[in-house]
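**Student:** Next up is a structure, given as structure tokens.
The values are calculated or read from the model by the stated rules, or taken from the named source; none is laboratory data. Predicted model, so just to flag it, every value in this text is computed and none were measured. Here the Cβ positions follow ideal geometry from the backbone for every residue, glycine too, while neighbour counts run over all protein chains shown. Accessible surface is based on the protein model in full, side chains and every heavy atom, while ligands, DNA and RNA are left aside. Shrake-Rupley method; radii C 1.70, N 1.55, O 1.52, S 1.80 Å.
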Amino acid sequence: MSNTTANRTLYALISWGSSMLLVTGVSGGLGQLVAERLAGRDDVVLGTRAPLPGARRVDFDDPESLPEAFAGVDTLLLISAGYGEDDTVIARHDAAISAAERAGVRHLVYTSLTGAGDHLPYALAHRWTERRLSASTSLKWTVLRNGLYAELLAFLAAPGADGRLTAPLADGRLAAVARADLAEIAVRVALDPAPHAGRVYELAGPRALGGAELAAATGTAYAPETLADARKRISASGALDFQVPMLVGTYSAIAGGFLATPDTPDTGDLHALLGRAPLDPLEVYAEAVGAGTGR
Ligand SMILES: NC(=O)c1ccc[n+]([C@@H]2O[C@H](COP(=O)([O-])OP(=O)(O)OC[C@H]3O[C@@H](n4cnc5c(N)ncnc54)[C@H](OP(=O)(O)O)[C@@H]3O)[C@@H](O)[C@H]2O)c1
């Protein structure tokens with residue numbers, strides 16, 4: 001028996017009679033928070049490209065490795081692998097979904113992008129992935145349309161050493177959401193996916209934040225910037241080619257007011273799935289700024 005066959009048999013035996021969940025991308029910001037919440041469970045396997053002890057190697061850029069990575073898995077929590085041009089990201093997600101279908105995964109939970117984010121440069125790959133899932137004839141699926149993180153705002157709108165918060169947000173506001181809230185929802189859904197089959201959840205944050213408010217929270221003054229100046233600043237910062245339009249487009253969508261609608265206790269999926277009040281994104285933003293962990 002080859003090692004691969006032996007491993008598949010072992011995984012099948014381990015998972016027999018119980019339902020196995022595999023989480024991809026556990027070295028990323030969201031994946032780490034998910035993994036922390038699942039620690040100690042024997043029905044959960046972690047997946048990552050990183051050399052993490054006990055985790056399976058999961059690299060969507062290496063499709064040939066995925067049959068073994070997904071062997072014995074019933075539920076797959078696919079954390080989007082969104083860094084790259086659209087064709088790169090689409091190829092990754094297609095490889096992951098195709099491998100899940102072939103491995104007999106029953107339910108795939110995908111972390112997507114808020115519907116309000118259709119103007120964002122990276123929306124296309126998310127919508128492609130949603131369409132690919134809904135075309136699957138074997139998988140049940142759930143789409144978690146995550147809003148932009150409060151922690152990302154700490155990167156996009158970080159106060160400078162000059163006491164100013166310089167960013168091209170105009171008067172726009174972002175309904176930012178704490179990554180930890182999104183991690184908690186992903187865990188809840190992935191551990192009991194059946195009631196969520198075929199659902200698309202909109203997970204914008206509970207409160208919209210603008211430049212003046214962010215500056216006040218960090219003891220700085222808001223200095224609105226033009227998109228042209230921001231593009232020059234980002235290009236000069238050593239950003240990768242694909243990141244320049246990605247970042248400028250994010251500012252533009254916020255400034256244009258497309259991402260300002262918050263989740264509400266009465267109607268919102270974020271409140272309903274959490275079953276508690278969401279974390280305050282302004283506090284999460286300020287903490288991430290203070291800790292220098294914005295991204
Ligand atoms: N809503 C938002 O504000 C927001 C902000 C940024 C990004 N995102 C999207 O949400 C995802 C998760 O966010 P995050 O904060 O955790 O991002 P992050 O900290 O930058 O982590 C990147 C993630 O992409 C995964 N990844 C990259 N290449 C991969 C590959 N070839 N195969 C498998 N996985 C790959 C990484 O997995 P490993 O390193 O563990 O293999 C990791 O989970 C991102 O990848 C991006 O698509 C959302």
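**Student:** Kindly identify the stretch 236-295 as rounded, prolate or oblate by the Cα gyration tensor criterion: order the square roots of the eigenvalues as a ≥ b ≥ c, call it rounded if a/c is under 1.5, otherwise compare a/b with b/c, prolate if a/b is larger, else oblate. Please report the intermediate quantities before stating the final value.
**Tutor:** Numbers: a/c = 2.88, a/b = 1.62, b/c = 1.78.
It comes out oblate by the Cα gyration axes.
**Student:** Related question: Considering the zone a paramagnetic label at PHE242 would reach in this model (a point 7 Å from Cα along the Cα-to-Cβ line), which residues of the stretch 87-106 have amide N under 11 Å from it?
**Tutor:** Only 87-93 pass the distance filter.
**Student:** Taking only the alpha carbons of the stretch 35-175, what extent do you get along each of the three principal axes, in Å, biggest first?
**Tutor:** 53, 35, 24
**Student:** Based on the Cβ-Cβ distance from THR293 to ALA135, what FRET efficiency comes out when R0 is 30 Å, to the nearest 0.05? Show your work: numbers first, answer last.
**Tutor:** Values: r = 38 Å, r/R0 = 1.26.
Efficiency at R0 = 30 Å is approximately 0.20.
**Student:** Around VAL44, under 12 Å between beta carbons, what's the net of Lys plus Arg minus Asp minus Glu among the other residues?
**Tutor:** On the way: positive: ARG37, ARG41, ARG56; negative: GLU36, ASP42, ASP43, ASP74.
Net charge around VAL44: -1.
**Student:** Can I ask one more? Using only the heavy atoms of the protein chains and a 1.4 Å probe, how would GLU64, GLU36 rank by accessible area, largest first?
**Tutor:** Numbers: GLU64 165, GLU36 120 Å².
So the residues, ranked largest to smallest area, are GLU64, GLU36.
**Student:** If you take every DSSP beta bridge whose two residues both sit in the chain, what share of them, in percent to the nearest 5, is antiparallel? Write down the numbers at each step before the final one.
**Tutor:** Values: 4 of 32 bridges.
Expressed as a percentage, antiparallel bridges in the chain total about 10.
**Student:** Between THR88 and ASP280, what's the calculated FRET efficiency when r is the beta-carbon distance and R0 is 45 Å? Round to 0.05. Mind dumping the intermediate values first?
**Tutor:** Numbers: r = 35 Å, r/R0 = 0.78.
That gives a FRET efficiency of 0.80.
**Student:** Mind checking the full-extension length gain between ASP229 and ALA197? Use 0.36 nm per residue of separation minus the Cα-Cα distance, one decimal, nm. Display every interim value, and only then the final one.
**Tutor:** Values: separation 32, 0.36 × 32 = 11.52 nm, distance 4.47 nm.
Result for the pair: 7.0 nm of gain on full extension.
**Student:** With a point put 7 Å past each Cα toward its Cβ, work out how far THR264 is from SER27 in nm, to one decimal.
**Tutor:** For the pair THR264/SER27, the computed spacing is 4.4 nm.
**Student:** Then there is this: With a ≥ b ≥ c the root eigenvalues of the C-alpha gyration tensor of the chain, is it rounded (a/c under 1.5), prolate (a/b larger than b/c) or oblate? All intermediate terms of the calculation are to be shown ahead of the outcome.
**Tutor:** Values: a/c = 2.06, a/b = 1.80, b/c = 1.15.
Since a/c reaches 1.5 and a/b is larger than b/c, the shape of the chain is classed as prolate.
**Student:** Also: What FRET efficiency comes out for ALA272 versus ASP162 if R0 is 30 angstrom and r is the Cβ-Cβ distance? Round to the nearest 0.05. Walk me through the intermediate numbers first.
**Tutor:** On the way: r = 43 Å, r/R0 = 1.42.
Once rounded, the FRET efficiency stands at 0.10.
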